[in-house]
Amino acid sequence: MTPHDEARLIAAARKGDSRAYAALVDAHQQAVRGFLRRFTGVWADADDIAQEAFVTAWAKLNRFEGRSSFRSWVSGIGFRLARDARRAHGRAGARDAAWLQTQEVAENEAPIEDRIALERAMAELPDEQRAAVALCLGEGFSHAEAAAILKLPLGTVKSHVTRGREKLLRGLETSDGH
């Protein structure tokens, strides 16, 4: 595809012509997928990320300034998406490893009665509050991550965690007979 043809298709796509955008995708998808396959090393992930990159490019086409080719621009979007996915995967792996380690310690230290009492106290919490407590206190997610997962406002999640923690402590004190 010549630079002139590409510019013409981009101009039409910016006006909402989905067929023009489809032509851009057809012209560049193999190169973007090939790059991402080599970068990620996992073909299925690369294909998903390439698709997401083209969807993102369509949504942000008005931001394309033409300082590089469309292919380069979409490849950059794909790279950032792949890098972010890799970072998130690394954080999730580290979080999972830390959680497993704390679980092993907790299971070795906490008497079965305490674990049962905690499960009962958790069951008494309202659903959204229980989910926020489980994510933030049990799994180590940040309040912001929990808000995104639960599709709740950040302040609501913070409130759920604070109130849930208080209810759990009261419930555990009651089960201890204090």
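The values are calculated or read from the model by the stated rules, or taken from the named source; none is laboratory data. Just so it is clear, the structure is predicted and the values come from calculations on it, not from any experiment. Here the Cβ is made from the backbone with ideal geometry for all residues, glycine too, and neighbour counts use every protein chain on show. Heavy atoms of the whole protein, side chains included, go into the accessibility calculation; ligands, DNA and RNA do not. Shrake-Rupley method; radii C 1.70, N 1.55, O 1.52, S 1.80 Å.
Net charge in the neighbourhood of GLN51 (other residues with Cβ under 14 Å of its Cβ; Lys, Arg +1, Asp, Glu -1) is -3. Couplings 3J(HN,Hα) for region 2-10, derived from phi with the Karplus relation 6.51 cos²θ - 1.76 cosθ + 1.60 (θ = phi - 60°), are 7, x, 5, 4, 4, 4, 5, 5, 5 Hz, where x marks Gly and Pro. Among the lysines of the chain, pairs that are 8 or more positions apart or on different chains and have alpha carbons within less than 26 Å of each other number 4. In the chain, helices alone account for a calculated mean residue ellipticity at 222 nm of -27000 deg cm²/dmol, with every DSSP H run of four or more residues adding -39,500 (n - 2.57).
For a test of the definition: using alpha carbon positions, the gyration tensor, and the 1.5 limit on a/c, classify region 26-74 as rounded, prolate or oblate. Taking the square roots of the gyration eigenvalues as a ≥ b ≥ c, region 26-74 is prolate.
Look at the dipole of the chain built from charges on Cβ: of ALA50, GLY16, THR156, the Cα furthest out on the positive end belongs to GLY16.
The string of couplings for region 71-84 from the Karplus curve (6.51, -1.76, 1.60, θ = phi - 60°) is 4, 5, 4, 5, 4, x, 4, x, 4, 5, 5, 5, 5, 5 Hz, one whole number per residue in order, with x for Gly and Pro.
Accessible surface for the chain, divided over its residues, is 66 Å² per residue with a 1.4 Å probe.
In the chain, carbon and sulfur make up what percent of the accessible area (probe 1.4 Å)?
Result for the chain: 54 percent of the exposed heavy-atom area is carbon or sulfur.
Normalising the Debye intensity of region 1-53 to I(0), with uniform scatterers on Cα atoms only, and taking log10 at q = 0.13, 0.16, 0.17, 0.25 Å⁻¹ returns -0.37, -0.52, -0.57, -0.87. The HN-Hα couplings worked out from phi for region 17-31 by the Karplus form 6.51 cos²θ - 1.76 cosθ + 1.60 (θ = phi - 60°) are 6, 5, 5, 5, 5, 4, 5, 5, 4, 4, 6, 10, 5, 5, 5 Hz, whole numbers, x standing for Gly and Pro. Report the local net charge at ILE77: Lys and Arg +1, Asp and Glu -1, summed over other residues whose C-beta lies under 9 Å from its C-beta. With Lys, Arg at +1 and Asp, Glu at -1, the neighbours total +1. Look at the dipole of the chain built from charges on Cβ: of PRO111, ALA59, ALA27, the Cα furthest out on the positive end belongs to ALA27.
Simple point charges give the picture: +1 on the Cβ of Lys and Arg, -1 on the Cβ of Asp and Glu, and for the chain a dipole about the Cα centre of about 1240 debye.
Treating each Cα of the chain as an identical point scatterer and summing with the Debye formula, the log10 of I(q)/I(0) at q = 0.10, 0.18 Å⁻¹ comes to -0.62, -1.08.
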